[in-house]
Amino acid sequence: MNRDEAKKRISELSRQLEEHNYRYYVLADPRISDYDYDMMMEELTGLEEQFPDLRSEHSPSQRVGGQISKKFPVVVHRYPMLSLGNTYSREELLAFDARVSKSLQSPYEYVCELKFDGVAISLTYEGGLLLRAVTRGDGVQGDEVTHNIRTIGSIPLRLQHPVGERFDVRGEVYMPHASFMKLNEMRQRNGESLFANPRNAAAGSLKMQDSSLVARRKLDCFIYGILGEELPFETHWDSLQGARDMGFRVSDDTRKCATMEEVFDYIHEYEERRAHLPYDIDGVVIKVNSHAQQRELGFTSKFPRWAISFKYKAERGLTRLKDVAFQVGRTGAVTPVAILEAVPIAGSTVQRASLYNAERMDEMDLHKDDMVYVEKGGDIIPKVTGVDTSQRKEGAKKLQFTRDCPECHTALIKNEGEAAHYCPNSDSCPPQLQGRIEHFTGRRAMNIDSLGEGKTALLIQQGRIANIADLYDLDHDKLIGLEKTMTDPLTGQTRKQSFRHKTVRNLLDALERSRQVPFERVLFALGIRHMGETMARKLARHFKDIRRLQEASYEELVAVRDVGEALASSIRAYFDDPDNQEILRRLKEAGLSFSLEEETGDSGEALRGKTFVVSGVFSRFSRDEIKQLIESHGGEVKGSISSKTDFVMAGEKMGPEKRKKAESLNIPLIGEEELASMVKG
């Protein structure tokens, strides 16, 4: 494909992707599958890599992020981002309405909107293109976070039908519940502290330096206002419909209300529905609809007189605290959990709630059998928020944070500057051992399937494995016939775990395949505290091999971009441990890859100079894993097929156009087995 053809195709793909974004986020009427969308995006990215001068900052491909922002410049808002007055009662809301009625002395109506619990954002568009995104800050000025905002699919980079040359759009960036749960699960696996609620997670995401990490967090945004000169809207309601036409996501739950009774009906309706929404709200915003009447009402020194927010009280219940249990995570962090008498909150029955850490427990001065308040409103994870001391039993025993590990009884430690307590017995503490092995064998690490939680526990209990290196000493004789009935400690349910011939064969095959996993994923699999998947990739590419990383001083580590003091200390502690040094020696002997040079040197030259296109769905590896395997052995991965393509990795559901083009150019279509053979030589 020549440059002119590429330019035309890039334009067409961009147009189609923008249209599909609009249908997905605004119309809720997707016309293609996620897979087909990904294929189009992959083709666009490939063309832009081939012709980088044709890549625009407003291209749909820029939503994947990749820009690094060391600083977030302070920008003054063209239109101040004012706060709203808050009310919590029917009487206060009626008083607001009385003030509006007295000032206007003419018919008026309200628009009611959900008050999303996220981060306010101001978006400036010029010539139909996103120019700048700025956080609320103090209302007068905020931080520019444009690179991170570009990763949010519901925020258009290019407007469909702009209503003016330059104007500002106001909205709320939020993290959906599904994204929040996935993020916290990932942070827990990596031994990182959990976000308390989606609002905090969204706020933290917008200030991340690497926009590619923001893209993975799947933020979203609702628009609730447009500001500019000579806009064609006479009412707030019309401006929201205009925003929708331009490609913005506007909540379908917004409603016009002619009377205060309709306003109260709206408030009560969503108070009942809020527990079932896929995102957090903490109230309702009521605005006078007419822009002319808004101007007539004006502002106080702090708030607009034409709008107010009605805030819901936090959804909470009062129940008895039966006890406090302590959980041990993969990294040894010990977390207190309140064991409660069952209490219904926000549509579910709560029997366990977070207490976060020892400091939080001490602040609340918890005693056995206390009546405690449990909230679930702004947080998906239930938490204990207070104690009704008036109901405390005389002589009740104060509940203390444990001094010893609840699993192995080792004395806990607490590092300076950290809130969590840790069990230092990383070698023998059962939950830590099992957690490390499960992390090591996970799909995004070594991808050793056929070894789930139950079978891992069985191997540990039967003495077959005591660390991750022991996995590579397993053979048929050590596995065949092992079985035991395992009991889930939480549910009490029993399940038989066993190793039959097929299970053993599958596990040994998976262990053999894992020897091909590239260095960066092996490094992530080691489970070094505070080291996530992205940081493992950065460190692998920076130091090139495990020896250089092992020998790096604390100062050399913190000099690497995005490596903080906690991670640097954790890396040094890991490599200074003699037991870890022995495990690494055994893993090297087992044939795992600990060097980028090894992967692209004499033993990894098989794909040198070869260009691949990866398309479709695969059974053994994800597409990302296949791309990493190709690149780690010297090959190059492109997004689109051309006469220079050597091989096409063809999985199930491969795009018919790609298949047709590959066949027309006589490019070999290969599968996972063929690639594995090529890598092995």
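Derivation of every value follows stated rules applied to the coordinates shown; laboratory data play no part. Owing to the predicted nature of the structure, the values given are computational and were not obtained by experimental measurement. Glycine gets a Cβ as well: all are built from the backbone with ideal geometry, and neighbour counts include every protein chain shown.
Count Lys and Arg as plus one, Asp and Glu as minus one, and take only other residues whose Cβ is under 13 Å from that of ARG659; the net charge is then +1.
Ordering ALA353, MET371, GLY332 by the projection of their Cα atoms onto the charge dipole of region 327-372, which places +1 on the Cβ of Lys and Arg and -1 on the Cβ of Asp and Glu, puts GLY332 at the extreme positive end.
For CYS221, the amide hydrogen comes within under 5 Å of the amide hydrogens of SER154, TYR174, counting only partners 5 or more places away or on other chains and with H modelled in the peptide plane. With R₀ fixed at 51 Å, the C-beta to C-beta distance from GLU165 to LYS397 puts the FRET efficiency at about 0.15. Other residues lying with their Cβ under 11 Å from the Cβ of VAL74 contribute a combined charge of -2, Lys and Arg counting +1, Asp and Glu -1. Beyond a 28 Å Cα-Cα separation, which of these cross-linked pairs lie in this structure: LYS627/LYS653; LYS218/LYS610; LYS538/LYS644; LYS218/LYS414; LYS588/LYS653? Flagged as over cut-off: LYS218/LYS610; LYS538/LYS644; LYS218/LYS414; LYS588/LYS653. Taking θ as phi - 60° and the Karplus parameters 6.51, -1.76 and 1.60, the scalar couplings of region 157-174 work out to 7, 9, 6, 6, 9, x, 9, x, 6, 8, 7, 10, 10, 10, x, 10, 7, 9 Hz in sequence order, x denoting glycine and proline.
About the Cα centre of the chain, what is the dipole size in debye to 20, counting +1 per Lys and Arg Cβ and -1 per Asp and Glu Cβ, all else neutral?
Taking the Cα centre of the chain as origin, the dipole is about 380 debye.
Within the shell of other residues whose beta carbon sits under 14 angstrom from the beta carbon of GLU551, the net charge comes to 0, with Lys and Arg scored +1 and Asp and Glu -1. When the Cα positions of SER239, SER154, VAL285 are compared along the charge dipole of the chain, SER154 comes out farthest toward the positive end, with charges on each C-beta of Lys, Arg, Asp and Glu. Checking the a/c ratio against 1.5 first, then a/b against b/c, what shape does the Cα gyration tensor give for region 74-311? Here region 74-311 falls in the oblate category. Ordering THR389, THR151, THR146 by the number of other Cβ atoms within 10 Å of each residue's own Cβ, fewest first, gives THR389, THR146, THR151.
Per-residue extension of 0.36 nm, minus the Cα-Cα distance of ASP323 and ARG500, leaves a gain of 59.6 nm for this segment.
For the chain, what D do you get in µm² per second when you plug the Kirkwood radius from alpha-carbon pairs into Stokes-Einstein at 4 °C and 1.567 mPa s? After rounding, the answer is 45 µm²/s.
No disulfide-compatible partner, judged by a Cβ distance under 4.7 Å, exists for the following cysteines of the chain: CYS112, CYS221, CYS257. In the chain, if the dipole is taken from +1 on Lys/Arg beta carbons and -1 on Asp/Glu beta carbons about the Cα centre, which of ILE480, PHE401, TYR422 is farthest to the positive end? Farthest along the dipole direction, towards plus: ILE480.
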